[in-house]
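Below is one structure; the comments refer to it alone.
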Amino acid sequence: MASEQRDERQRWLDRPENVTKIVRALWIACGALVVAEFFYHKHPYFGFDGSFAFYAIFGFAAYCVIVFSAKGLRRVIKRDEDYYNE
């Protein structure tokens with residue numbers, strides 16, 4: 001009975017035009033950060049970390065390493081479906 005009375009009205013993120021607005025805002029924010037990269041003085045600890053977009057590239061590479069290593073680790077520690085029913 002409770003499921004019949006659920007409110008099925010459309011939420012804010014269910015509308016595709018609102019999702020498009022969020023994606024465009026994200027692109028604008030990323031573009032603004034790329035432009036801002038040219039206008040501030042960097043204080044690198046090492047020589048290479050002062051190069052253009054170093055932290056963006058490093059962060060993306062670290063993200064990829066984490067995701068792919070988790071996928072590989074899943075094969076190692078994965079249990080059978082009936083592991084606890086034995």
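Matching residues to (1) in contact with a Lys or Arg (Cβ under 9 Å, 6 or more places away or on another chain); (2) of a type in the set (Phe, Trp, Tyr); (3) part of a helix (DSSP H, G or I):
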| position | (1), (2), (3) |
| --- | --- |
| CYS30 | no, no, yes |
| VAL35 | no, no, yes |
| TYR45 | no, yes, no |
| PHE60 | no, yes, yes |
| CYS64 | no, no, yes |
| LYS71 | no, no, yes |
| GLU81 | no, no, no |
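If you scan the stretch 1-39, which residues turn out to be at pLDDT 90 or above and among the polar types (S, T, N, Q)? Residues satisfying the conditions are ASN18, THR20.
Per the listing PHE68, PHE46, PHE38, the residue uniquely surrounded by 10 or more Cβ atoms within 10 Å (Cβ to Cβ) and either within 21 Å of the chain's Cα centre (by Cα) or of a type in the set (A, V, I, L, M, F, W, C) (or both) is PHE68.
The values are calculated or read from the model by the stated rules, or taken from the named source; none is laboratory data. Keep in mind that what you see is a predicted model, and the values were worked out from it rather than measured. In this analysis, Cβ positions are derived from the backbone assuming ideal geometry, glycine residues included, and neighbour counts consider all displayed protein chains.
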